[in-house]
């Protein structure tokens, strides 16, 4: 799912794309857990928390948008 590149950044491999929002949530959470502390992790957390709220509200499009932003913040 995620791997660390030569620069030490966490990146998502494209071998197994998340098929639904719940799976994507797990994938992003795993990447966030593995990321080193710092501003990128802090930014990703804000997006992940917004994704959780969107998921609770059953708003998949907003949830996916926030998860994509969280992934981007970790790179």
Counted residues in the range 33-49 being touching a helix residue (DSSP H, G or I) at 6+ places or on another chain (Cβ under 7 Å), more than 11 Å from residue 72 (Cα to Cα) and in a helix (DSSP H, G or I) come to 2
Identify, by number, the condition in (1) modelled with pLDDT of 95 or more; (2) surrounded by fewer than 13 Cβ atoms within 10 Å (Cβ to Cβ) that residue 45 doesn't meet. (2)
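The values are calculated or read from the model by the stated rules, or taken from the named source; none is laboratory data. The shown structure was predicted, so the numbers you read here are calculated from the model rather than taken from an experiment. Positions of Cβ are backbone-derived with ideal geometry, glycine not excepted, and every protein chain shown enters the neighbour counts.
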